Amino acid sequence: MKFKVIVGLLLLASPLSQAAEPSGEAENKPLKVESLFQQNCASCHGATLSGGMAGSLLDDKWLQDGEEKTLKNIIQNGDGKAGMPAWKAALDEDQIRALVIYIKEEKHKADSGAATEKLKPKGGVYHSAGATFRVETLFAADEVLWGLEFLDDRSFIATQRDGKLWHFKAPSKATEIKSSDKGLLQPEAITGLPKVWREGQGGLLDVAVHPKYKKNGWIYLAYTDTVDGKSAMTRIVRGKIKRGKWTKQQTIFSVDSSFYTPMKWHFGSRILLHDGYVYFSVGDRANQNLAQDLSKPNGKIYRLHDDGRIPKDNPFVDQPGALPAIWSYGHRNPQGLALQPGSGLIWASEHGPRGGDEINVIEKGRNYGWPVITYGMNYDGTPITSLTEKAGMEQPKHYWVPSIAVAGINFYEGSMFPEWSGKLLASGMAAKALHLLRVDGTHVLKDEVLLADQGRIRDAVVAADGSIYILATSDNFKGSILRLSAAPSPVAK
């Protein structure tokens, strides 16, 4: 993947400009990247990266196409012609990797305001990614909404993280929705649901509908289960809705209580049903090294028969000590699973730490690297590793630095926006944006922002009519359901 690298005046200062010189050895303890920059780069490029004795790192004046490796090489080995000293003796590779991430973060912040301004609607109509559309509020909740699935053309269900499952009747057309009618749709609350552990990122999470729902009625739920009220783990169940009540519940996946942990993060929990199997994700539960341990449930994507039986051809069925339900491993916190039309390939989105959100194609038995390789760093600005690739570990098909907090993903299939057919919708929570990725086979060719400034977008699901139902969260953690539907271009006055 390409991005723009600053050359000429990027970290390049002549000896006459009194550039900071390498000290000769790296610090023994981790140093936050902001401090690294201030100590080593700010004297030339300014405390805010906007320039000083050397040029700004935030504008395009000294940009040319290149890759992250080019930027790393400039910092590491210097540029004698420009008077830039080499920093490889003063900074280790982990620190240099952190600086690359930090520079990209700050450049993105500087650019994001103008980018968001371009996406603002005119006359209530948006023009983005070659289409015109409107966005309307269908429902406003008092808590975070996590998953949404259609039961049929006119009905859908959505999970609320505090344990509610809502059943909605969908509007027949966009004109039935008025922007002033928040909560126009009046859902039915399903009763009899399992008790959830509502702590941190936990609660009632994803919902998925069996492909043969009209015949068998099965609905799948992912939630955080607890045995003592103090620790929890992801659990997958299925059941049926009869006259507004959750019934006939069956456990599809659970683990021994010895694997439960009080950590309140990284539950994964996205569910996908395909070809008689149920796939689902479990995050590393904030214990990153366990993602590489096949005897632990953390940081894995699983495959089971849709009734919970373990398939005989799963990759680790015959490996002593390994959990036989594992399909892939080395994951941090995957919160998106999508089936690619035509190919049958399963794509996944995965939260990185600070930087390094990923889009992966999930294949049998593969190791996706976390935490051995990553394009991110720790949230506090300290490095995790300098490694972004390693033999035997999969590379992402796409990644984001800085992070967008990628969550739900879905391929667009619908007649309402034919120009988006086959493209991947990717939800961004931290970015407060819905991305649209142009895909050719397993290659991501282009990433563009489709919609911004509508709150933290957790998922985007395509309805039968081709409109897109979006789960968004406000800054005060109130959820909403938005509907993105086609609109004529506004007539110029």
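The values are calculated or read from the model by the stated rules, or taken from the named source; none is laboratory data. Fair warning: this is a prediction, and the values are worked out from it, not measured in the lab. When we count neighbours, we look across all protein chains shown, and the Cβ atoms used for this are built from the backbone with ideal geometry, even at glycine.
The table for this structure:
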{"read-out": "Boolean, GLY479 is of a type outside the set (A, V, I, L, M, F, W, C), touching a Ser or Thr at 6+ places or on another chain (Cβ under 9 Å), surrounded by 21 or more Cβ atoms within 10 Å (Cβ to Cβ) and in the same structural domain as GLY200 (by TED's automatic domain parsing)", "value": "yes"}
{"read-out": "Which numbered condition VAL209 fails, given (1) among the β-branched types (Val, Ile, Thr); (2) modelled with pLDDT of 85 or more; (3) over 27 Å from the mean Cα position of the chain (by Cα)", "value": "(3)"}
{"read-out": "Residue in the stretch 197-212 that is surrounded by fewer than 18 Cβ atoms within 10 Å (Cβ to Cβ) and hydrophobic (A, V, I, L, M, F, W, C) present", "value": "no"}
{"read-out": "Which listed residue is in a strand (DSSP E or B) and either buried (at least 20 other Cβ atoms within 10 Å of the Cβ) or at pLDDT 95 or above (or both), from VAL100, VAL135", "value": "VAL135"}
{"read-out": "Check on ALA391, closer than 23 Å to LYS478 by Cβ, assigned by TED's automatic domain parsing to the domain that holds GLY330 and assigned to a loop (DSSP other than H, G, I, E, B)", "value": "no"}
{"read-out": "Options ASP447, ASP459, ASP440: the member that is without any contact (Cβ under 8 Å) to a residue 24 or more places away in the chain, acidic (Asp, Glu) and on the phi < 0 side of the Ramachandran plot", "value": "ASP440"}
{"read-out": "Residue match in the stretch 463-481 (condition: part of a strand (DSSP E or B), touching a helix residue (DSSP H, G or I) at 6+ places or on another chain (Cβ under 7 Å) and at pLDDT 95 or above)", "value": "no"}
{"read-out": "Residue within the stretch 382-389 that is within 16 Å of the chain's Cα centre (by Cα), surrounded by fewer than 24 Cβ atoms within 10 Å (Cβ to Cβ) and under 19 Å from SER328 (Cα atoms) present", "value": "no"}
{"read-out": "Residues of the stretch 263-297 satisfying the condition of being within 18 Å of ASP459 (Cα to Cα) and in a loop (DSSP other than H, G, I, E, B)", "value": "HIS266, PHE267, GLY268, SER269, ARG270, GLY283"}
{"read-out": "Positions within the stretch 365-380 being part of a loop (DSSP other than H, G, I, E, B), touching a strand residue (DSSP E or B) at 6+ places or on another chain (Cβ under 7 Å) and surrounded by 19 or more Cβ atoms within 10 Å (Cβ to Cβ), in sequence order", "value": "TYR368, TYR375, GLY376"}
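Rundown of residues vs (1) more than 23 Å from GLY124 (Cβ to Cβ); (2) among the charged types (D, E, K, R), yes/no style:
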| residue | (1), (2) |
| --- | --- |
| PHE417 | no, no |
| LYS423 | yes, yes |
| MET429 | yes, no |
| GLN454 | no, no |
| VAL462 | no, no |
| ASP465 | no, yes |
| LYS478 | no, yes |
